[in-house]
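Enquirer: Below is one structure. I have some questions about it.
No lab work stands behind these numbers, since they all come straight from the coordinates. Given the structure is predicted, the values throughout are model-derived calculations rather than measurements. Here the Cβ positions follow ideal geometry from the backbone for every residue, glycine too, while neighbour counts run over all protein chains shown.
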Amino acid sequence: MSRTARACFALVLVVAVSACASTSEVKKMMTTHSVDPGTSVTMQGKPLKLLGEPLRVGKPLPSVELVDAMTMKPVDLSKERGSILLLSVVVSTDTPVCEEQTHYLGEQGSSLPVSVKRIVISRDTPFAQKRFAKETHLENLQYLSDYKTGAFGQATGLLIENVMLLARAVIIVDRQGIVRYIQITPQVASLPDMDAAFAKAIELANTP
């Protein structure tokens with residue numbers, strides 16, 4: 001196993017072991033804190049550098065090709081218009097924290113306006129994302145994979161150095177393709193403030 005593969009496995013394992021929680025504890029796991037894209041996050045106190053071009057509020061979402069897990073077709077979110085995009089970025093859907101984040105998006109987010117598209121992005125393969133969606137009955141979400149080259153991570157400043165996975169984040173894009181909200185959790189094992197993200201999505205949905 002290569003050094004990068006070992007580091008990747010270690011990161012996923014630590015997230016899975018250290019941050020497993022029941023549904024009743026989800027809100028306790030949420031943090032209101034955030035770091036900037038292109039800076040760093042921490043895992044058990046160890047800093048992990050974020051690679052790529054930092055995403056900025058007020059700027060367009062960069063053009064990047066992702067793969068839709070259900071259709072295997074390429075998707076470029078920068079070309080989406082007319083909907084509010086709520087992007088839930090996770091390290092791996094097969095870890096407890098990421099599963100909690102996705103469950104919250106799928107279940108609690110079901111009351112969001114229909115103009116809000118709920119999208120999960122990770123570096124899991126499309127096949128792993130599709131399996132996760134079916135096993136968890138969370139097929140009401142769109143799953144996009146950055147598995148090929150990590151281009152989305154590099155284009156947003158969310159790619160974790162060495163392990164080459166995506167940092168945990170929530171990004172909201174308005175109807176014109178402009179980024180209006182970013183939260184990147186400072187600690188990989190913490191959940192983003194999903195309720196705050198929902199509130200921002202509703203605000204944008206209600207704005208003409």
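Enquirer: Give the long-range amide H neighbours of Val75: residues separated by 5 or more places, or on another chain, with amide H under 5 Å away, using H modelled in the peptide plane at 1.01 Å from N.
Expert: Leu66, Val67, Asp68
Enquirer: Rounding to the nearest 20 debye, state how big the charge dipole of the chain is about its Cα centre with +1 on each Lys and Arg Cβ and -1 on each Asp and Glu Cβ.
Expert: Working: 22 positive and 20 negative charges, 68 e Å.
My answer is approximately 320 debye.
Enquirer: What dipole magnitude, in Debye to the nearest 20, does segment 74-142 give about its Cα centre under +1 on Lys/Arg Cβ and -1 on Asp/Glu Cβ? If you can, show how the numbers build up before the last one.
Expert: On the way: 8 positive and 9 negative charges, 61 e Å.
It comes to approximately 300 debye.
Enquirer: Just name one of Val114, Ile84, Leu141: the one whose Cα is farthest towards the positive end of the charge dipole of segment 43-154 (beta-carbon charges, Lys/Arg +1, Asp/Glu -1).
Expert: After comparing all options, I get Ile84.
Enquirer: Continuing with this model, one more query. Give the lysines whose C-alpha is closer than 18 Å to that of Lys27, dropping any in the same chain fewer than 8 places away, or say none.
Expert: Counting by Cα, and skipping residues close in sequence, Lys27 has these lysines nearby: Lys200.
Enquirer: Could you check which residue among Thr93, Thr185, Thr39 shows the biggest mean-square fluctuation in a GNM of the chain with a 10 Å Cα cutoff?
Expert: Thr39
Enquirer: When only Cα pairs under 8 Å and 6 or more residues apart are kept, what is the percent relative contact order across segment 3-205? Working shown, then result.
Expert: Details: 449 pairs, mean separation 66.2, N = 203.
Relative CO of segment 3-205 lands at 33 percent.
Enquirer: Of the beta bridges DSSP finds with both residues in the chain, what % are antiparallel, to the nearest 5? Mind dumping the intermediate values first?
Expert: On the way: 22 of 35 bridges.
Around 65 percent of the beta bridges assigned by DSSP in the chain are antiparallel ones.
Enquirer: Here's something else I'd like to know. Assuming a viscosity of 1.306 mPa s and a temperature of 10 °C, what translational diffusion coefficient in µm² per second does Stokes-Einstein assign to the chain, Rh being the Kirkwood radius over Cα pairs? Working shown, then result.
Expert: Working: Rh = 16.8 Å.
The Stokes-Einstein estimate is 95 µm²/s.
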